[in-house]
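As structure tokens, the structure follows; a few thoughts come after it.
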Amino acid sequence: MAPRTTKAPKPKAAKPKAVKPKAVKPKAVKPKASTPTKTPARQATTQKRGTRMLPWGAATNKAVAKKFYGGAFPVVNGRTHRYPDPNDETAWMKLMCAAVAHDKRRVLAASQGRHVAPCRDKRVAYLLFHASPLQIKRRGLRNQHRQQHGLVKGDKRHVHHGDPRTMSFSRTVVVDACAHQREHGKVCARERRAVRT
């Protein structure tokens, strides 16, 4: 017998290997520096405030409350309203709590589209805004400009400041009440009555 020849096995066609796509790492993108978004309640308070009003931390922190008034509780001698002695910190903090509570109610109502009646305690309104050293200084300037223009108590005219930020005397003008309202984009009561009739 003839020797048996073994056939070499046919090479198998190589199956193409499945190529796994390489995982592409996303590039790290640095977030743009932007201001944090404000809540509607906080926006409602900052829209009206040209200057910072009484900080809410003043209700519980004596240091914060004193800092707002320039380092110590103010010496207030009201003709109609009685204020605590500057050294009586307990009484001042009680008054601060009432002022901040009213301010929080007003801000919450504004964020919900409601209106809160003004606080009946006039001392609270004074503490929230008018007692700050900046507002005392601005009020003094307004009174000084009225005297320099010759306006006296009971005069129906107003001193209009052309630049309310600096309140410079060189840009002040004496105008009547309705003209002053128009300068600020409002309508005076006399003109409203005239429109109705």
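Assign one of three labels to segment 140-197, namely rounded, prolate or oblate, based on the Cα gyration tensor with a ≥ b ≥ c the square roots of its eigenvalues; rounded applies when a/c is under 1.5, prolate when it is not and a/b is larger than b/c, and oblate otherwise.
Oblate.
If I histogram all Cα-Cα distances within segment 52-197 using bins 10 Å wide from 0, what percent of pairs lands in each bin?
10, 28, 29, 26, 6, 0
Under a point spin-label approximation (7 Å from Cα along Cα-to-Cβ), what is the Ile136-Arg171 distance to one decimal in nm?
2.7
Determine, from the Cβ-Cβ distance of His149 and Val75 and an R0 of 41 Å, the FRET efficiency 1/(1 + (r/R0)^6), rounded to the nearest 0.05.
So, using R0 = 41 Å, E works out to roughly 0.90.
Within straight cross-link reach of Lys156, meaning Cα distance under 17 Å, which aspartates and glutamates are found once same-chain residues fewer than 8 apart are removed?
Counting by Cα, and skipping residues close in sequence, Lys156 has these aspartates and glutamates nearby: Asp176, Glu183, Glu191.
When only alpha-carbon atoms count, how far does segment 41-131 stretch along each of its three principal axes, as whole angstroms with the largest first?
The principal-axis extents, from largest down, are 39, 27, 22 Å.
Quick check: pseudo-label points 7 Å beyond the Cα along Cα→Cβ at Glu89 and Cys188, how many nm apart are they?
It is 4.9 nm.
The numbers here are math on the coordinates, done by the rules we state, and not lab data. Quick caveat, the model's predicted, so the values are computed rather than measured. Here Cβ is always computed from backbone atoms with ideal geometry, including for glycine, and neighbour counts include all displayed protein chains.
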